[in-house]
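Worksheet for the structure shown next.
The values are calculated or read from the model by the stated rules, or taken from the named source; none is laboratory data. Quick caveat, the model's predicted, so the values are computed rather than measured. Here the Cβ positions follow ideal geometry from the backbone for every residue, glycine too, while neighbour counts run over all protein chains shown. Ligands, DNA and RNA are excluded from the accessible area calculation, which covers all protein heavy atoms including side chains. Shrake-Rupley method; radii C 1.70, N 1.55, O 1.52, S 1.80 Å.
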Amino acid sequence: MRDLVPPPLTRSADPARPHGGSEPDAPLLVIGAGPKAIALAVKAKVLREAGLDAPEVVAVERDRTAAHWREGHGWTNGRQSLGTLPEKDLGFPYDATTWGDPHDPLVAEIVRLTTGYGWAGHLMSRGGYARWVDRGRPQPSHREWADYLDWAAREAGLRVVSGEVHGAEADDDGWTLRYTAPGGRGTVRGRGLLVSGPGPSGTALTADDDRVLDTAGFWRLAVAGLPRRIRHVVVVGSGETAGTVVRELAVAQEREVTVVTPRAALYSRGESPFENRYYSDPTGWTALTESDRREFIRRTDRAVFSLDVQHDLARTARVTWCPGRATGTRPGSPVALVYAYGGRSGEIEADLVVDATGGDPMWFTGLLGPRARTALTAAVGGTLTRAAVEGAIDRSLAVPGLPAPLHLPNLAALAQGPGFPNLSSLGLLTDRVLRAHVPPRSPADLAGACAVTGRTGAPAPYYRGDA
Ligand SMILES: Cc1cc2nc3c(=O)[nH]c(=O)nc-3n(C[C@H](O)[C@H](O)[C@H](O)COP(=O)(O)OP(=O)(O)OC[C@H]3O[C@@H](n4cnc5c(N)ncnc54)[C@H](O)[C@@H]3O)c2cc1C
């Protein structure tokens, strides 16, 4: 068993650094080396260059950096187009007012330094910027996006520990992650923990890796080559994960598809400038009623296909849909999807069933040790449900009241803004998270830090549950 505590960074001496009883030189840990970990490493480096005492970011990754955006590793064949504009990159929306007044030179310096890690900077670093503009600024493929993420991770010096996390425990000083790697097992300690990634790739059905596949299994098969004998496929799900699977099957692979969705139709996503604004900038979000916030998320994010996918599907007559909730499968050849709708049940036979219901953002609870689990359950009111956690997330995208910070951006949409689980405002996400770990510069700054952590009179932005 290896114990890995990354050596401390060289820091400017600051006797006033108010980290209380925490481990002042411990890094911020992230499960997964995807866009969120990379964006955090970028912003932490920028803040240090701007003179602030930001922690190092250490990601524990079971695969490789940006794995989920490459063929054979994620929910893609690598050739799919990025849904979001690439200008919504690791620094977007380039508003650093979390760190001070808009006229503060520090704020301008943070923005200036962050732009060096943007999508345009990546293209410039390889001499491709002018050609991309001349080509009409096309959407990058997932593979090209992964290349950008890899480049930024290298430039920012993101430290990646190779291993699959299988345990996470909290104590008064921070978090300990236990992981397994081909070379053995190990642990890594940090002052706080951020959980990234969408979780398991299909939760409605039990995959058998043959006739019933989850989303990751489908994309592995699509990359290897979909057998000709598969002519009709049932896809379960109504969100963008399902939409991209349906597009691949019906448009690229020319197969017949039946989509089983719990709603009346395959709804399209609201993508007007008014809807997009809340994704880039959640100003005013918390003042909305909970029912309005839920309606907004339903119209623009959950259980809707993007306009891009809808546009492609309109070109084919191979897609039909059936309202229903999947309840299981009947094995055989053909396999049958069993569903329920309006008090009755039915079956649809197919050559393949794909469970594209998307991830479960509560997946990390299976990793928690007894102390962390008990503390999280108590912090959200006594019952560890998705709704309870979603309702408890504070401005630092963490659940307050734990012994050490646990940041859960994938569950932060309802309480803090719809852009935090996805790529819409990674720069703002990093500001909100790191603000809870960077010592304030002045009494006014301390007030700002307390506003981020949601605490009054907290001695340090790196808060403790008993503060
Ligand atoms: C194919 C695809 C396309 C998407 N396109 C868009 C888009 O265009 N716009 C948008 O806004 N959103 C999009 N999303 C949704 C969402 O934005 C992304 O899922 C999210 O931003 C990914 O960032 P992340 O850092 O949270 O995680 P990911 O990029 O999913 O990275 C998570 C990492 O964690 C690792 N991991 C998982 N479990 C463990 C473990 N136990 N131990 C160690 N490592 C682990 C994985 O290997 C992975 O590398 C897309 C999602 C997918 C899957």
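Points worth noting:
- For the range 355-385, a residue qualifies if it is within 16 Å of the ligand (Cβ to nearest atom), of a type in the set (Val, Ile, Thr) and part of a loop (DSSP other than H, G, I, E, B), and exactly one does: Thr357.
- Flag for Glu109 being part of a loop (DSSP other than H, G, I, E, B) and open to solvent by 20 Å² or more (accessible area, probe 1.4 Å): no
- Evaluation of Gly217 against (1) surrounded by fewer than 22 Cβ atoms within 10 Å (Cβ to Cβ); (2) under 30 Å from Glu240 (Cα atoms); (3) more than 16 Å from the ligand (Cβ to nearest atom) (one fails), failing number: (3)
- Note on the range 163-179: residues that are open to solvent by 20 Å² or more (accessible area, probe 1.4 Å) and more than 9 Å from the ligand (Cβ to nearest atom) amount to 6.
- Subset of the range 75-93 that is closer than 23 Å to Gly427 by Cβ and small (Gly, Ala, Ser) - its residue that is surrounded by the most Cβ atoms within 10 Å (Cβ to Cβ): Gly91
- Of everything in the range 60-71 that is more than 6 Å from the ligand (Cβ to nearest atom) and open to solvent by less than 40 Å² (accessible area, probe 1.4 Å), the residue that is farthest from Gly358 (Cα to Cα) is Thr65.
- The sole residue among Arg255, Arg229 that is open to solvent by 70 Å² or more (accessible area, probe 1.4 Å) and not polar (S, T, N, Q) is Arg229.
- Pick from the range 39-59, criterion in contact with a helix residue (DSSP H, G or I) (Cβ under 9 Å, 6 or more places away or on another chain) and of a type in the set (Lys, Arg), ranking: nearest to the ligand (Cβ to nearest atom): Lys43
- If you filter the range 24-38 down to residues that are in a loop (DSSP other than H, G, I, E, B) and more than 6 Å from the ligand (Cβ to nearest atom), you find that the one that is most open to solvent (accessible area, probe 1.4 Å) is Asp25.
- Taken over the range 326-339, the criterion of being open to solvent by less than 80 Å² (accessible area, probe 1.4 Å) and β-branched (Val, Ile, Thr) is satisfied by Thr329, Val335, Val338.
- Candidate set: the range 148-160, residues that are under 27 Å from Val223 (Cβ atoms) and crowded, with 17+ Cβ neighbours inside 10 Å; chosen: the one farthest from the ligand (Cβ to nearest atom): Trp151
- The range 417-432 residues that are within 11 Å of Asp95 (Cα to Cα) and among the basic types (Lys, Arg), paired with ones that are modelled with pLDDT of 95 or more and near the ligand (Cβ under 8 Å from one of its atoms) (beta carbon under 7 Å, 6 or more apart): none
- A Cβ distance below 9 Å, combined with a sequence gap of six or more or placement on separate chains, defines the contacts here; from the range 276-294, residues that are more than 14 Å from Arg395 (Cβ to Cβ) reach residues that are of a type in the set (Phe, Trp, Tyr) and more than 16 Å from the ligand (Cβ to nearest atom) in the pairs Tyr278/Trp285; Arg293/Trp285.
- Residues of the range 39-70 that turn out to be part of a loop (DSSP other than H, G, I, E, B) and either without any contact (Cβ under 8 Å) to a residue 40 or more places away in the chain or touching a Lys or Arg at 6+ places or on another chain (Cβ under 7 Å) (or both), as a count: 7
- Residue match in the range 371-383 (condition: open to solvent by 70 Å² or more (accessible area, probe 1.4 Å), free of Cβ contacts under 8 Å to residues at least 40 places away in the same chain and not assigned by TED's automatic domain parsing to the domain that holds Leu82): no
This table checks each residue for (1) at pLDDT 95 or above; (2) among the basic types (Lys, Arg).
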residue	(1), (2)
Pro18	no, no
Glu23	no, no
Ala39	yes, no
Glu49	yes, no
Ala66	yes, no
Lys88	yes, yes
Trp99	yes, no
Glu109	yes, no
Leu113	yes, no
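- Take the conditions (1) modelled with pLDDT of 95 or more; (2) open to solvent by less than 20 Å² (accessible area, probe 1.4 Å); Pro323 misses just one of them, which is (2).
- Complete set of residues in the range 271-312 that are buried (at least 17 other Cβ atoms within 10 Å of the Cβ), of a type outside the set (Ser, Thr, Tyr) and not in a helix (DSSP H, G or I): Pro282, Asp301, Ala303, Val304, Phe305
- Filtered residue count, the range 73-106, keeping only those that are in contact (Cβ under 8 Å) with a residue 24 or more places away in the chain, assigned to a loop (DSSP other than H, G, I, E, B) and closer than 27 Å to Glu240 by Cβ: 21
- Selection of first residues in the range 207-231 that are part of a strand (DSSP E or B) and of second residues that are open to solvent by 10 Å² or more (accessible area, probe 1.4 Å) and hydrophobic (A, V, I, L, M, F, W, C), restricted to Cβ pairs under 7 Å at least 6 apart or on distinct chains, gives the following pairs, ordered by first then second residue: Val212/Leu205; Leu213/Ala207; Leu213/Leu221; Asp214/Ala207.
- Residue satisfying all of: in the range 180-198; under 21 Å from the mean Cα position of the chain (by Cα) and open to solvent by 20 Å² or more (accessible area, probe 1.4 Å); farthest from the ligand (Cβ to nearest atom) among these: Pro198
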